[in-house]
Amino acid sequence: MTVMTNVSNANKKILIADDDASIRLVLSQTFTRLGYQVRATGNATTLLKWVFDGEGDLVVTDVVMPDENVFDVLPRIRKERPKLPVIVMSAQNTLLTAVSAAEIGAFEYIPKPFDLDDMTSAARRALARPADSEAAKAQARAVRDERLPLIGRSAPMQDVYRTVARLVGADLTVLILGESGTGKELVARALHDMGRRRDGRFVVINLAAVPRERVETELFGREDGDFGKLVEADGGTLFLDEIGDMPLDAQTRLLRVIDGSEPALNPKTGRRPNVRLIAATNRDLRGLIQQGLFREDLFFRLNVAPIRLPPLRDRVEDIPELARAFLLRANREGLPAKTIDAGALDRLKLHPWPGNVRELENLIRRICALYAEDLITARIVERELADHQIHAAGDEGPLTLAQIVERHLSSYFAAQPDGIPPEGLYDRILEEVERPLIQLTLAATRGNQVRAADILGLNRNTLRKKIQDLGVEMARGRR
């Protein structure tokens, strides 16, 4: 990193507090070369004395100090000197640390090990703008939030944070419930990264993206040396995304593994895999249970500790912070830097967001890539939303099946990372349509497969195979 002394910095003093002498030295030398005055200490007591004496224009402090935790100190600093910006740094790079720093009013949270460019950039922003400026506060929150796995200060998100905080220290099975694009995998990763298994692997299997006939192989492996995801996650966390799409046969085997009646062994260790299970779904599992498509006993095994993620439409007050964070993230990834005005944020709050947070992020990326303007206005947002909105038929009558499918698929694409679904989409969509079509037809014919085959225009043997392959629940009656 190249640093140049700036004589205009000479009247600014930075107070550094860290019990690590090497970090104090590096930061002191860096800020001194930039022309700032610097005082450094290894304890919170001295830092508080300096602050209460009126010293310093910026505080850079570690969280854990020998005498006090900075989360206990910062409220006193804010009460005594509310306009003094404080940058919090910590090696405890967890969601809780970041959220706690935000809640107590830190100007920015920087995880250790930090990049000196990030640190000096944060210091310049803190010293260059009035601490009580709303624009400064918004920018500081955006920079901080952009690094967080979950963003939002709304009441629904605070409930999520509290639940996550209670579960990180335990090893319970967790079921994450929420619509597509709400951040279910981010919560699962946070539980893993913050928990006792953080040194193990975080293994994901998206059951909606795996062909039904390959689910058991993907999960439990084969005898030819393919160990499967269960063994791969040994010592860590196995995240079963879209558990509602798991075929019944695989559900039964998973239940036996959980109960211990099917001793799945890790060939590398000769022992049962030691895995924390986290499952997630955007489907109504209780409804699937009533339809015979999901095992009730497996549901109770998975639903030990549920976490419900709110849709974005229920926390619109988080949209400004999310939008600003996504703008910064897009810029870090090479897209042009942009800002967004209040009118544009108000227009974003009015959108229903069927694709939730992921749809918002994709919209921000799209605007950054396609529009030359540096400032995102309501006009730009309106134009982009109008181009991608699937309108209801309104006065023209009820939606056609094609319109309903188009609307659903539009939301599905919007909810995918970068707008790109996993491979195998064609077969998955056909399967989703076929299963309810066959099941409703069988229900209408009271299970008469000959009659159902005639209605569907299928050969009876073809229908029988589809019933078996799709796991269709049979109605009682003639077969």
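For this structure, a couple of remarks:
- Reachable lysines, given that their alpha-carbon falls under 22 Å from the alpha-carbon of residue 184 and they are not under 8 places away in the same chain: 229, 349
- Each of 32, 61 has some number of other Cβ atoms within 10 Å of its Cβ, and from fewest to most they run 32, 61.
- Residue 333-residue 369 pseudo-label distance in nm [points 7 Å out on the Cα-to-Cβ vector]: 0.8 nm
- Between the listed residues 467, 449, 439, the Cα displaced farthest toward the positive end of the dipole of segment 425-470, a dipole computed from Cβ unit charges relative to the Cα centre, is found at 449.
- Anisotropy class assigned to segment 301-386 is prolate, per the alpha carbon gyration tensor with a/c at or over the 1.5 cut-off and a/b larger than b/c.
- Order of 466, 12 - criterion: other Cβ atoms within 10 Å of each residue's Cβ, fewest first: 466, 12
- Inter-label distance for residue 385 and residue 289, nm, one decimal - labels placed 7 Å from Cα along Cα-to-Cβ: 3.8 nm
- Length gained on full extension, residue 76 to residue 308, computed as 0.36 nm times the residue gap minus the Cα-Cα distance: 80.0 nm.
- Cα shape, segment 153-240, gyration tensor, a/c 1.5 rule: oblate
- Sorting 70-83, 279-292 by average packing, meaning the other beta carbons within 10 Å per residue, from highest down gives 279-292, 70-83.
- Once backbone amide H atoms are built at 1.01 Å from N, residue 340 has 376 as its partners under 5 Å, excluding neighbours fewer than 5 places away on the same chain.
- Here the label points at residue 116 and residue 437, each 7 Å from Cα along the C-beta direction, are separated by 6.4 nm in the simple model.
- Less than 5 angstrom separates the built amide H of residue 227 from those of 222, all sequence-distant by 5 or more or on a different chain.
- Residues 246, 65, ranked from the fewest to the most other C-beta atoms within 10 Å, line up as 65, 246.
- Annotation: lysines with alpha-carbon distance below 19 angstrom to residue 13 (same-chain offsets under eight excluded): 49, 83.
Just so you know, all these numbers are worked out from the coordinates, no wet-lab data involved. The shown structure was predicted, so the numbers you read here are calculated from the model rather than taken from an experiment. Reconstructed Cβ throughout: ideal geometry from the backbone, glycine too, with neighbour counts over all protein chains shown.
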